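Asker: Quick one: this structure, given as structure tokens, is what I'll be asking you about.
Coordinate-derived values only; no laboratory data. Predicted model, so just to flag it, every value in this text is computed and none were measured. Here the Cβ positions follow ideal geometry from the backbone for every residue, glycine too, while neighbour counts run over all protein chains shown.
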Amino acid sequence: MAADSLAIRTAPRFEFLRKELALRPGRLAAMARITVCCVLTVILCMIFRIPVPAYAAYNVFLLSGSGSEVATTLRTAIGGGIAITAAACLSLLLYVVDAGEPALRLPLMAAATFLGMYLSRVVVIGPIAFLTGFLLVLTQTMIDDIPNLDALAQFIMWLWVVVIVPASLVTILDFAFGQRPAAVLRSKVFGVLSDVEHSLRSGETEQLERTLTVTAALPELRQLAELVDGGLKSVRAIDLALLELLDELVRIVTLLPPGAHSANSPLLKGVRACHDALSRDAVPSIRAITITGDVLRGLDARSRPVVFAVASVLDRLLDGLARRASNVRSDPPTRAKSFFVPGAFSNREHVRFALKATLATMLVYIIYSGLDWPGIRTCVVTCFFVALGSVGETVHKLTLRLSGAMAGGLLGVLCIVFVLPHVTDIGGLSLVVASVAFFCAWISTSSERLAYAGMQMAFAFFIGVFQGYGPTEELTVLRDRVIGILLGNVMMSVVFVTVWPVSAVDQAKAALAKAMTALGGLLREPSNGARLFVAQTLQRARRLLSLSIFEGDLFAGHASRALARQRLTDLDALTAAVLVAVDQPEQDTCEDFRASAAAWFAHPQAPSVPAPTNDTAMRLALLPAEANPALRSAIESDLLLAEAIRRSVSRAQ
């Protein structure tokens, strides 16, 4: 019995690892590129005696990220180059002021930490600001180990090389052998269309619920594609509209009852036409979905409006693909670009986040300086890289960092004790690096739920093995690194839980409220472009709720999480019902109901629940059998939306 209970508890974890570590298309190539870059970086560091080779090798992982496509790597490499250049210049400038004044150095480091963390949240180049602040603070801590200013300045210049060398190698290999974001985007769109086709054939919608995670991320991937292919700017508006329609199609098909199979044939033909047109970059073979009146009249009241909505979305998809294939170009929408993100100065959470991260960082710096234990400097690095908006996100990152460091440290110990004594040249060292880097890259190319553990595993291994330019037998470096990570983890946990704690569940609820408001606006004005915003906001709420498990019972506990998850499920259904209503070809519906439904979405706690009037039901009942099915469907879509609202309200009570 005990063994069976343990198997039941551990089964979801093994299933999670199985999915995360599965070899998706392009993953093996990304792992190979990361491995080759690591080996080349180590060889260059050993030949030219570049300092801190462990950091240089780790930078390959940091710059490669998930290794999915070229644009992300290019953006990260450029940002890293800018950050190290700015940090080196600022460090040399600060050394003139605080090199001999420890009392002055501490407030300057605190100011640099605060500015780096604050700017990372409020400016559009936040990652560069964050890296600049991190590198500036890290170089300031080097004064404790290198008191000679000439040697210190020389070391700072070498740090620039430590970043630029792996950044150059990663960029070159990715451009030569990496996946273009446009190709990745096209592959994902094909996958979404295949999922929709499978659902229409089988009536299963479980896979489509997971597909919504993919469709919500497609607009960002489309934006990255422009960094590599500037010609895509001219079709940006068309592409974004097509991606919005794709998400809309998936959501509406989830409502299609099994009884609507009689209408599936023309819908399947439309999905296949979209797939073929996209694969050939040609005008679709059909331009509109045709469903006979007899088939439409034979559908029940739940199926008919959904079928009409699916057909409407497919019609617009086919039209958009035809315009794109016909080289119909549109000027990209001109928007006033701002250096600051929306709410940069009105949102107090940005300042609070920066203050909490600064407090934790300065506390661990004071602790290890007071103990005269520079080997645990990784506590400062930990505080920078695990600081995130909510407690759930922070604890999740802490968990991945700690588990990765422990695993990488164990690999380092085994290598130092059993392997390095037999390594006699750089060829043998390259084989060791390649083996471990390939394994760590397998983990680091997972999703964000696991990838950081692979990066930390690589860092712990490199920092333990590369303690100079030859084999080492010293294990204290690994010990100190793990202790530093433990100290940073504990300090960040204490600060973020006790000082202005932010719950991931509360952030998810705020995101759901924004989505509700946007749906109300969509009912008032169906062409206001809120569909994409709703999809991405719901995905953000889904991500936050998945991370809220790391908060345990620190806040409202399991009941609050369960309530928020139920609210998310209801809102997914409400979103699909709203899309069905606004996608009807006939909009001769009850305006009073639409207005009251829009008001309810803005204030879902209101005591009155919107419902169609008796006149609506009477109109539907008096329609003759030969009446226009589109008119009947429009009225039925209101009834479908009203039912979804009632169901949501009853579950919330």
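Asker: Ranked by Cβ crowding within 10 angstrom, fewest neighbours first, how are R13, R186, R222 ordered?
Answerer: Details: R13 9, R186 15, R222 20.
Fewest to most other Cβ atoms nearby, the residues stand as R13, R186, R222.
Asker: Return the equivalent ellipsoid semi-axes of the chain as a descending list in whole Å, where each equals the square root of 5 times an eigenvalue of the C-alpha gyration tensor.
Answerer: 52, 27, 23
Asker: Right, next: Holding the Cα-Cα limit at 26 Å, pick out from K19/K188; K19/K233; K356/K509; K397/K509; K19/K397; K19/K509 the pairs that are longer than that.
Answerer: K19/K233; K19/K509
Asker: Can you tell me, using C-alpha contacts under 8 Å and at least 6 residues apart, the relative contact order of the chain as a whole percent?
Answerer: Rounded, it is 17 percent for the chain.
Asker: Distance from the Cα centre of the range 485-556 to that of the range 17-59, in angstrom?
Answerer: About 33 Å separates the Cα centre of the range 485-556 from the one of the range 17-59.
Asker: For the range 254-314 and the range 169-222, compute the distance between their C-alpha centroids and round to whole Å.
Answerer: What the calculation gives is 22 Å, centre to centre.
Asker: Just going by the charge dipole of the chain, with Lys and Arg at +1 and Asp and Glu at -1 on Cβ, which of G521, V306, G412 is farthest out on the positive end?
Answerer: Checked the options; the winner is V306.
Asker: Can you give me the convex hull volume of the Cα atoms of the range 181-325, divided per residue and expressed in Å³?
Answerer: Roughly 90 Å³ of hull volume per residue.
Asker: Right, here's the next one. Given the C-alpha centroids of the range 100-120 and the range 381-435, what is the distance between them in whole angstrom?
Answerer: If we compute the Cα centre of each part, the gap is 28 Å.
Asker: Kyte-Doolittle cut-off 1.6, length cut-off 20 Å along the helix's own axis using Cα: show which whole DSSP H helices in the chain pass.
Answerer: 27-48, 149-177, 426-444
Asker: So for the chain, taking the charge dipole from beta-carbon charges (+1 Lys/Arg, -1 Asp/Glu), which of V184, G133, A627 sits furthest toward the positive end?
Answerer: A627
Asker: Same structure, new question: When a/c reaches 1.5 or more, the comparison of a/b and b/c decides; with that in mind, is the range 99-170 rounded, prolate or oblate per its Cα gyration tensor?
Answerer: Taking the square roots of the gyration eigenvalues as a ≥ b ≥ c, the range 99-170 is oblate.
Asker: Something else: Pull up all non-local amide H partners of E69: gap of 5 or more, or a different chain, and H-to-H distance under 5 Å with H placed in the peptide plane.
Answerer: Amide H neighbours of E69: none.
Asker: If amide H atoms are built 1.01 Å from N in the plane of the peptide, which residues on other chains or at least 5 residues away come under 5 Å of the amide H of V123?
Answerer: Answer set, sorted by chain and number: V341.
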